[in-house]
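First the structure, which I've put down as C-alpha cells, then a few questions once you've had a look.
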C-alpha cells in the first residue's frame with residue numbers, strides 16, 4: 001500500500017491539520033515508510049487464527065447503571081476558551 | 001401496497017430505508033456515570049468522559065447492553081455474542097471527542113424483521129439490517145447569539161440504539177407505519193420511551209426513486225426527522241423532488257438533507273465528500289463486547305407480551321376485528337386500559353366505545369389516555385348501564401360527554417338529570433298512542449303503503465320521551481299498534 005500526494009492532502013484535510021505544500025512531498029515519504037514498516041505484519045500467516053484484542057484474558061469491564069457524576073459544569077467549562085453562561089460557545093456553525 | 005408516483009414520463013417507485021435512533025432508557029450514560037434526564041440546565045449532566053478531557057476512559061454501562069439485547073430479541077433479530085466498538089471520526093463542535101464511539105462491522109444485533117399493518121388492512125414485513133449501540137452527540141444552539149453557536153453537552157454520551165431497516169418500504173405511509181410499530185415495540189419492551197418531541201426517538205430517512213423493477217436510484221438521506229408526520233411529509237417531498245430532477249434529465253446528487261417542517265421541504269445540508277469518509281477503526285479504549293448465550297436466553301425468557309402477540313390474543317379472546325385490535329395494542333397503556341374495561345363486559349361494546357367515543361374526545365382535547373378524566377372503572381360502569389338497559393346507547397353518549405367534561409360518575413349524572421331509560425310498557429304505550437292520535441293522516445299514508453313512515457312514528461315517540469324511552473320497546477309496541 002502506498003499513498004500519493006492527493007491522498008495525504010485529503011487525510012490532512014479530514015484530520016483538520018494544515019500541511020503547507022512544500023511539506024507534502026516529505027510527508028508522503030514519511031507516511032509511506034510507516035505504512036511499509038507496519039505492513040511487515042502481513043508476512044505472518046494468520047489464516048484460521050482468531051483476532052486477539054487483549055493478552056490479559058479479562059473481558060470488557062462494565063459499570064452498573066448508576067448516576068455517579070454530574071453537576072460539574074464549572075470544572076467542565078473551566079478550560080473552555082469562550083464560555084457563555086453555562087454554555088460553551090464557538091463561532092457560528094450553520095449546516 | 002405500493003404507491004407509485006406519476007411523473008411527466010410515467011410511473012416511479014419510491015424506495016425507503018430508515019435509520020431510527022432510539023435513546024436507551026437508562027439512568028446513566030453509555031460510557032460514563034453522568035445522568036441522562038431530559039431538560040436539565042446546560043452542561044450540568046456532563047462527566048469528564050463526556051467532555052472528552054484527555055486521559056478519560058470509557059466504561060460501558062451494563063444496562064445498555066441488556067436493553068440492546070432485549071430490543072434485538074423483541075425484533076426477532078440475531079444477537080451477536082461478540083460485538084466491537086469503533087470510532088467514527090468527524091469534526092463538529094457538539095462532538096468533543098472528535099469521534100463518535102459506535103459499532104461498525106460487528107454490531108450487537110444483526111438481521112431481524114418487523115410486521116407492519118397498512119391502511120388497507122394488509123400486512124407487510126420490513127427487514128431489519130442491524131441494531132448497533134453508539135453515543136449521542138451534544139446539542140448545538142444556533143439561535144441565542146447572532147455570531148455564535150452555543151454548545152450543551154448534556155446529551156453527549158447518552159446511549160443510543162441505531163436501528164437500520166432494509167430498503168423495504170415503498171411509500172410514506174409504509175414508513176409511517178414502520179416507525180409507529182417500532183416505537184410501539186420499544187415502549188412495550190421499555191428500552192426507549194419513544195418520546196419524539198424530546199428527541200428520544202429520531203429518524204433518518206434514506207429515499208431514492210426508480211422505475212418499478214429497475215435498479216436502485218441514487219439516494220439522499222434526510223437527517224433527524226422528529227415526528228411520524230414529518231417523516232411522511234419529508235419522504236413525499238423528497239420523492240417528488242427527485243422525480244422532477246430525473247425527468248428533466250438531471251442526476252441525483254448523493255447528499256445529506258434537512259427537513260424544514262415550516263416550509264414542508266428538504267434542503268441540502270452538506271455535500272457527500274467529507275460526510276461519508278469517517279475512517280472507522282476499532283476503539284483501542286474498549287475491548288470487544290462479549291456476552292454469554294445464557295444471558296441472552298434469560299432475557300428472552302423474560303420478555304413481555306409484545307404488540308403482535310397481544311393483537312392475536314385480543315382477536316381470539318375478545319373477538320375483535322384485527323384492525324381494531326391493532327389500534328388498541330399500539331400503546332401498552334391503551335391495551336391495559338382496554339383489558340380492564342373489557343373484563344366481565346361485552347368486549348366488542350368496550351372496544352367500540354374506547355376507539356369511538358373516548359379516543360375521539362381525547363384527540364379533540366389534545367390529550368392522551370394518561371390524562372383521561374374517565375378511568376377504566378368509571379367508563380366500565382357507563383357501559384354496564386347500557387348493557388343492563390338503565391340508559392339507551394343514545395343517552396349514554398350524552399352522559400359520556402358530561403363525564404369527560406366534568407370527571408363525574410355516570411350514575412350521578414344519570415340520576416341527577418333523570419336519564420334512566422323508560423322501560424315501563426304502560427308509559428310507552430301512552431306515548432305511542434299520543435303520537436298516533438296526533439297523526440291520523442300519516443297513519444293513512446302508512447297503511448296505504450308508505451312503509452318508511454314507521455321510522456317517523458318511532459322518532460316522534462323518542463322525541464316525546466326526550467330520548468329516554470327504551471327503543472326496542474317503542475319499536476315493539478308501535479309494530480303491534482300499526483301492523484297488529
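The numbers here are math on the coordinates, done by the rules we state, and not lab data. This one's a predicted model, so the numbers in the text were calculated from it and none came from an experiment. A quick note on method: Cβ atoms are made from the backbone with ideal geometry, for glycine too, and the neighbour counts reach across all protein chains shown.
What is the packing order of peptides B:255-266, B:331-342, taking the mean over residues of other C-beta atoms within 10 Å and listing the highest first?
Ranked from most to least packed, the peptides come out as B:331-342, B:255-266.
Then there is this: Compute the angle between helix B:471-483 and the longest alpha-carbon principal axis of chain B, please, reported from 0 to 90 degrees and rounded to the nearest 10.
On a 0 to 90 degree scale, this one is about 40.
Then there is this: Under the rule of -39500 (n - 2.57) per DSSP H run of 4 or more residues, summed and divided by the residues of chain B, what mean residue ellipticity at 222 nm is obtained, to the nearest 500 deg cm²/dmol? Walk me through the intermediate numbers first.
Details: 17 runs with 189 residues, N = 484.
Taking each H run of at least 4 residues, the total per residue is -12000 deg cm²/dmol.
A further question on this structure: Over the residues of segment B:132-241, compute the C-alpha Rg and express it relative to 2.2 N^0.38 Å.
Details: Rg = 16.2 Å, N = 110, 2.2 N^0.38 = 13.1 Å.
Dividing the Cα Rg of segment B:132-241 by 2.2 N^0.38 Å gives 1.23.
Counting partner chain Cβ atoms within 10 Å of every residue's Cβ in B:59-69, what's the average? Don't skip to the answer; put the middle values down first.
Details: counts 4, 4, 5, 6, 5, 3, 2, 1, 1, 0, 0.
Per-residue shielding by partner chains comes out at 3.
Taking only Cα atoms, what is the 0 to 90° angle, nearest 10, from helix B:393-406's long axis to the longest principal axis of chain B?
The helix B:393-406 is inclined about 50 degrees to chain B.
Also: Could you give me the radius of gyration and the Dmax of segment B:62-194, taking only the C-alpha atoms into account and expressing both in angstrom?
17.1, 52
For the ranges B:314-321, B:229-236, what's the packing order if you count other beta-carbon atoms within 10 Å of each residue, average per peptide, and put the highest first?
B:229-236, B:314-321
Over all residues in A:76-84, what is the mean tally of Cβ atoms on other chains that come within 10 Å of each residue's Cβ?
So the per-residue partner count for this stretch is 4.
Arrange the peptides B:389-397, A:40-48 so that the one whose residues have, on average, the most other Cβ atoms within 10 Å appears first.
B:389-397, A:40-48
Going 7 Å from the Cα of residue B:40 in the Cα-to-Cβ direction, what parts of segment A:71-86 have a backbone nitrogen less than 19 Å from that spot?
Answer for this model: A:71-80, A:84-86.
Along each of its three principal axes, how wide is the spread of alpha-carbon positions in segment B:206-245, in whole angstrom units, largest first?
For segment B:206-245, the Cα extents along the three principal axes come out at 31, 16, 15 Å.
Average partner chain C-beta neighbours within 10 Å, per residue of A:3-14? Let's see the in-between values first.
Details: counts 0, 0, 0, 0, 0, 0, 0, 3, 2, 0, 3, 8.
For peptide A:3-14, the averaged partner shielding equals 1.
Which value in Å does the Kirkwood hydrodynamic radius of segment B:184-337 take, with 1/r averaged over all unlike C-alpha pairs and then inverted?
19.6 Å
What is the helix-to-structure angle for B:332-342, meaning the angle in degrees between its Cα long axis and the longest Cα principal axis of chain B, kept from 0 to 90 and rounded to the nearest 10?
20 degrees
Further, regarding this structure: Report the percentage of all Cα-Cα pairs in segment B:5-299 whose separation exceeds 28 Å, rounded to a whole percent. Don't jump to the answer; show the numbers that get you there.
On the way: 17223 of 43365 pairs.
Result for the distance tail: 40 percent.
Pick from A:81, A:50, A:61: which residue has the top mean-square fluctuation in a GNM of chain A where Cα pairs under 10 Å get a spring?
A:81
Express in % the proportion of alpha carbon pairs of the protein assembly as shown at distances exceeding 45 Å.
36 percent
Consider just the alpha-carbon atoms of chain A and return their Rg together with their Dmax, both in angstrom.
22.4, 58
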